[in-house]
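To start, I am sharing the structure in question, which I have written as structure tokens.
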Amino acid sequence: MPEWTIDTTAGELLRREHGREDGARITEGWPDLDLGTAYRIQDALLDRKTGAGQTVVGVKLGLTSRAKQRRMGVDVPLTGWLTDAMTLAPGEPVAVGQFIHPRVEPEIAFVMGARLSGPGVTAERAMSAVRSVHAGFEVIDSRYRDFDFALPDVVADNASACRFAVSGSAVPPDGLDLAEESCRLSVDGETVDTATGAAVLGHPANALALAANGLAERGLAIEPGWIILTGGLTDAVPLHPGSTVSVAFDSLGALSLTGTR
């Protein structure tokens, strides 16, 4: 095992991602790893990706719903980075063999119209900076064996970010009741879960405000044009070759992902 530092941990997580290989928690070898250091590892991982030519296109939130928190055994939301290399076009097949153990979760996604900088961002102010709202899917893929991690582990691993898709239909935020916006998650045509936007911290705008205020603590802000994934509304479902995962929202439309080999 390496000597765990910010640099070696970022390198190990990137090696696992590229090699499609999971491993033990970092905190097994670095038991006093704290959240501040974990976010520095996350940023070091991003630096390696942007250094290889990727571009930051947004931010994702994780563990914002009680369903996800219960499944992962943690109780604090977190943020991670989205890059252009993670983008899937709506309906684009997902080659499952590229990943370790991918899972899919439905999300309410925002496209930002204005810069949003903390601290002190409220849900109301956050929504005023949103240009459009979309149906979204995130494909998560932990670099830890069996998705088993402590909170610092998953923060360092960029919140299990892997791929994402947002619908092409842009819905203006005015007039939407996103707390009541319902979705139906289906696998191969069979409904497996339902939820409303209230599953995300009571309202997706709360997740957006949390992201802006958290980034401000690191001297960063949410930029115009960025995509914000506000967090999984339901528990994530595994994606298998030949299987199709679909979500249908009340107002935001529908989206599907199909796994291939």
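The values are calculated or read from the model by the stated rules, or taken from the named source; none is laboratory data. It should be emphasised that the depicted structure is a prediction, and the values quoted were computed from it without experimental measurement. All Cβ positions, even for glycine, are placed from backbone atoms using ideal geometry, and neighbour counts span all protein chains on display.
What pairs can you find where one residue is in the range 78-103 and over 21 Å from Val237 (Cβ atoms), the other is of a type in the set (S, T, N, Q) and at pLDDT 95 or above, and their Cβ atoms are less than 8 Å apart, with a gap of 6+ or different chains?
Trp81/Gln42; Trp81/Asn158; Thr83/Thr50; Thr83/Gln54; Thr83/Thr55; Asp84/Gln54; Asp84/Thr55; Ala85/Gln54
When residues of the range 175-203 are filtered for being of a type in the set (A, V, I, L, M), out of contact with any strand residue (DSSP E or B) (no Cβ under 7 Å at 6 or more places or on another chain) and outside any loop (DSSP other than H, G, I, E, B), how many remain?
2
If Leu176 satisfies every condition in (1) crowded, with 21+ Cβ neighbours inside 10 Å; (2) within 15 Å of Asp250 (Cα to Cα) but one, which is the exception?
(1)
When residues of the range 223-248 are filtered for being within 15 Å of Val133 (Cβ to Cβ) and in contact with a helix residue (DSSP H, G or I) (Cβ under 7 Å, 6 or more places away or on another chain), how many remain?
Final tally of qualifying residues: 4.
Hey, another quick one. Given the criterion over 27 Å from Thr122 (Cβ atoms) and either among the acidic types (Asp, Glu) or surrounded by 16 or more Cβ atoms within 10 Å (Cβ to Cβ) (or both), identify the matching residue among Leu257, Leu233. Walk me through it before giving the result.
Working: Leu233 fails: over 27 Å from Thr122 (Cβ atoms).
So the residue among Leu257, Leu233 that is over 27 Å from Thr122 (Cβ atoms) and either among the acidic types (Asp, Glu) or surrounded by 16 or more Cβ atoms within 10 Å (Cβ to Cβ) (or both) is Leu257.
Could you please find all residues in the range 79-113 being among the aliphatic types (A, V, I, L, M), within 15 Å of the chain's Cα centre (by Cα) and within 25 Å of Val192 (Cβ to Cβ)? Please lay out each step first, then the result.
Restricting attention to the range 79-113, the residues satisfying the condition of being among the aliphatic types (A, V, I, L, M) are 82, 85-86, 88-89, 94-96, 100, 104, 108-109, 111-112.
The next check asks that each one be within 15 Å of the chain's Cα centre (by Cα); those that pass are 82, 85-86, 88, 104, 108-109, 111.
If the condition is that a residue be among the aliphatic types (A, V, I, L, M), within 15 Å of the chain's Cα centre (by Cα) and within 25 Å of Val192 (Cβ to Cβ), then Met86, Leu88, Val104, Ile108, Ala109 are the ones that fit.
Can you pull out every residue in the range 226-237 that is in a strand (DSSP E or B) and under 19 Å from Gln69 (Cβ atoms)? Give the derivation first.
So the first thing to find is which residues in the range 226-237 are in a strand (DSSP E or B), and the list is 227-229, 237.
Correct list: Leu229, Val237.
Something else about it: Which condition number in (1) touching a Cys at 6+ places or on another chain (Cβ under 7 Å); (2) free of Cβ contacts under 8 Å to residues at least 24 places away in the same chain; (3) among the hydrophobic types (A, V, I, L, M, F, W, C) is the one that Val139 fails?
Looking at each condition in turn, Val139 falls short on (2).
To keep it simple, each residue is scored yes or no on (1) over 19 Å from Ala165 (Cα atoms); (2) of a type in the set (D, E, K, R); (3) in contact with a His (Cβ under 6 Å, 6 or more places away or on another chain).
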| site | (1), (2), (3) |
| --- | --- |
| Arg184 | no, yes, no |
| Gly214 | yes, no, no |
| Gly219 | yes, no, no |
| Thr234 | no, no, no |
| Leu257 | no, no, no |
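So, of the residues in the range 57-84 that are at pLDDT 95 or above and out of contact with any helix residue (DSSP H, G or I) (no Cβ under 7 Å at 6 or more places or on another chain), which turns out to be nearest to His134 (Cα to Cα)?
Start the filter on the range 57-84 by keeping residues that are at pLDDT 95 or above, which leaves 57-61, 79-84.
Then drop every residue that is not out of contact with any helix residue (DSSP H, G or I) (no Cβ under 7 Å at 6 or more places or on another chain), which leaves 58, 82, 84.
Working: Gly58: 14, Leu82: 16, Asp84: 17 Å.
Checking each candidate, the answer is Gly58.
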